[in-house]
Amino acid sequence: MKDKIVVFTGAGVSAESGLKTFRDMGGLWHQYRLEEVASPQGWQRDPATVLRFYNERRKAVLAARPNAAHRAIARLEEKYEVVVITQNIDDLHERAGSSQVVHVHGEILKARSTALPERIYPLKGPTIELGDRCERGSQLRPDVVWFGEAVRYMDEAETHFSTAAKVLAIGTSLSVYPAAGLVAHAPFSAERWFVSPEPQEIPHGYRLLEGNAAAVVPPLVEQWLG
């Protein structure tokens, strides 16, 4: 049995590939508050604007490329069982080569039925438009967890954390709950690292690796593979 590494990633990893975080946007998109375009209430009020917001983000994801941190994480599979649990809605981990990725906040390159949320569809193009419907006639929306909606796969993610030999948390402010609480499920015996360029608070039991992920993660990976 290979030792398990759980890699927990947040927006800081994708930011190094040029994708803006909500924090980068300053809480606003054009003249809209982000809560207005990332909530069920905003969707009910103005679905066209919500779709336009995510269409822009989706095009940015498709134009982005995995960075050195994404590629290093994928290399860990040479020696370990690796589970990436990500708060990010892009597919950069998959494109870098990671084979087991759990998206707790959904995936922007997929759509789902508004009326039947279990019906999820890979998108063939960069946009979802008003009038794009599932086979049951329900409008499609981004397959993304909005403010006020339930985070996904939490039981599965907790199990992975609790059975990890090593945990690497990267690019997350640990301010978005309940996902941020996952780091507390790592075993006391696990080797635990927290990667951040500007750490506000280091989770209990974690060692700090200060710096940008693309710079500091590859040397740690080389050490683990060594």
When T172 is evaluated against the numbered criteria (1) β-branched (V, I, T); (2) at pLDDT 95 or above; (3) crowded, with 20+ Cβ neighbours inside 10 Å, which criterion, by number, is the only one it fails?
-> (2)
In the range 184-206, which residue that is within 22 Å of S14 (Cα to Cα) and of a type in the set (D, E, K, R) is modelled with the highest pLDDT?
-> R192
Which condition number does P199 fail, the rest of (1) on the phi < 0 side of the Ramachandran plot; (2) exposed (fewer than 13 other Cβ atoms within 10 Å of the Cβ) being met?
-> (2)
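Listed here are the residues, each with its yes/no results for (1) modelled with pLDDT of 95 or more; (2) crowded, with 19+ Cβ neighbours inside 10 Å; (3) of a type outside the set (D, E).
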site: A63; (1), (2), (3): yes, no, yes
site: A74; (1), (2), (3): yes, yes, yes
site: L92; (1), (2), (3): yes, yes, yes
site: A96; (1), (2), (3): yes, yes, yes
site: V102; (1), (2), (3): yes, no, yes
site: A115; (1), (2), (3): no, no, yes
site: D132; (1), (2), (3): yes, no, no
site: F147; (1), (2), (3): no, no, yes
Failed condition for Q223, given (1) open to solvent by 30 Å² or more (accessible area, probe 1.4 Å); (2) of a type in the set (S, T, N, Q); (3) part of a loop (DSSP other than H, G, I, E, B); (4) within 20 Å of H70 (Cα to Cα) | (3)
When the range 1-32 is examined, which residues are found to be open to solvent by less than 40 Å² (accessible area, probe 1.4 Å), without any contact (Cβ under 8 Å) to a residue 40 or more places away in the chain and not hydrophobic (A, V, I, L, M, F, W, C)?
-> T21, G27
Using beta carbons and a limit of 7 Å, which pairs, at least six apart or on different chains, have the first residue in the range 103-127 and assigned to a strand (DSSP E or B) and the second one small (G, A, S)?
-> S113/S138; Y121/A111
The listed residue being surrounded by 15 or more Cβ atoms within 10 Å (Cβ to Cβ), out of contact with any helix residue (DSSP H, G or I) (no Cβ under 6 Å at 6 or more places or on another chain) and without any contact (Cβ under 8 Å) to a residue 40 or more places away in the chain, out of A165, A184, A179, A190 = A190
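The values are calculated or read from the model by the stated rules, or taken from the named source; none is laboratory data. Predicted, not measured: the structure shown is a model, and the values here were computed from it. Here Cβ is always computed from backbone atoms with ideal geometry, including for glycine, and neighbour counts include all displayed protein chains. Note: areas computed on protein heavy atoms with side chains; ligands, DNA, RNA excluded. Shrake-Rupley method; radii C 1.70, N 1.55, O 1.52, S 1.80 Å.
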